[in-house]
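One structure below.
The values are calculated or read from the model by the stated rules, or taken from the named source; none is laboratory data. What you see is a predicted model; the values in this text were computed from it and never measured. Cβ placement follows ideal geometry from the backbone for every residue including glycine, while neighbour counts extend to all protein chains displayed.
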Amino acid sequence: MSNKQEKESGFRWIDTPDVLGEYLFTFDGKKIFNMYEDYPYKLTKEQKEIFDAENPFWADYFSDRTQTGTEKQ
């Protein structure tokens, strides 16, 4: 993602080179989310929309977390 895109959406990944498999991200540089623990449960509707638009692979990967009721199989 380019710096311009980061400024427009507020979304950015946080580098954790010393920790394998940890995916951290932020929207404001203050609150840090852990993708595996927090997505989508701790995101606001707006944050989830931004995350999904910026990260279609991960949105699809975790799509079972966002399905409701009878949609879930």
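Data overview
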quantity: Any pair with Cβ under 7 angstrom, 6 or more apart, that starts in segment 15-32 at a residue that is under 12 Å from LEU43 (Cβ atoms) and ends at one that is assigned to a loop (DSSP other than H, G, I, E, B); calculated: PHE25/PHE11; PHE27/GLY10; PHE27/PHE11
quantity: Restricting segment 59-71 to residues that are at pLDDT below 95 and part of a loop (DSSP other than H, G, I, E, B), the residue that is farthest from TRP13 (Cα to Cα); calculated: THR68
quantity: Considering residues of segment 35-58 that are under 14 Å from TRP13 (Cα atoms) and hydroxyl-bearing (Ser, Thr, Tyr) only, the residue surrounded by the fewest Cβ atoms within 10 Å (Cβ to Cβ); calculated: TYR36
